[in-house]
Amino acid sequence: MDGDGFGRAARLVGRAWTLNIVRALLAGPRRFSELKASVPGVTDRVLCGRLKELEAEGIVFRRVVDAMPVRVEYGLTPKGLGLAGTIRALEVWARDWEGGCVGRGKP
């Protein structure tokens, strides 16, 4: 990936709550209320905004389920699922370095 592509990707996933939302969606499609419950602390406004951004970037899909009552689900596209390895690596890194210089990353 060129410098511009990397910078663009870093800005997108580096926005507050973005990786938390993608991480929650790795478990499968969720309704807005389910997603909000899976990402403690996120406001409705921020969650709505991030979902729109992620949908525009092709990372998240929005699906209207024809049922009574009608419901909307959000899930990850193949592009969004491509972030799974990055998220897992970040989880390992955070676990290794939680609480200072301990874990596998420190001899």
Task: Test for THR18: is it under 27 Å from GLY5 (Cα atoms), touching a helix residue (DSSP H, G or I) at 6+ places or on another chain (Cβ under 8 Å), surrounded by 11 or more Cβ atoms within 10 Å (Cβ to Cβ) and not basic (Lys, Arg) - done: yes
Open item on the list: Among the residues of region 21-38, what is the count of those that are crowded, with 17+ Cβ neighbours inside 10 Å and over 17 Å from ARG71 (Cα atoms)?
Closed with: 4
- [ ] Kindly indicate which of GLY49, GLY85, GLY80 is crowded, with 17+ Cβ neighbours inside 10 Å and assigned to a helix (DSSP H, G or I).
- [x] GLY80
Open item on the list: For region 33-42, which positions are within 14 Å of ARG15 (Cβ to Cβ) and more than 12 Å from the chain's Cα centre (by Cα)?
Closed with: VAL42
Open item on the list: It is to be established whether one or more residues within region 26-45 are of a type in the set (Phe, Trp, Tyr), on the phi > 0 side of the Ramachandran plot and either in contact (Cβ under 8 Å) with a residue 24 or more places away in the chain or not in a helix (DSSP H, G or I) (or both).
Closed with: no
- [ ] Output the residues belonging to region 7-28 that are closer than 16 Å to CYS48 by Cβ and hydrophobic (A, V, I, L, M, F, W, C).
- [x] ALA16, TRP17, ILE21, VAL22, ALA24, LEU25
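Bear in mind that the values in this text are calculations on the coordinates, not laboratory data. Model, not experiment: these values are computed from the prediction. In this analysis, Cβ positions are derived from the backbone assuming ideal geometry, glycine residues included, and neighbour counts consider all displayed protein chains.
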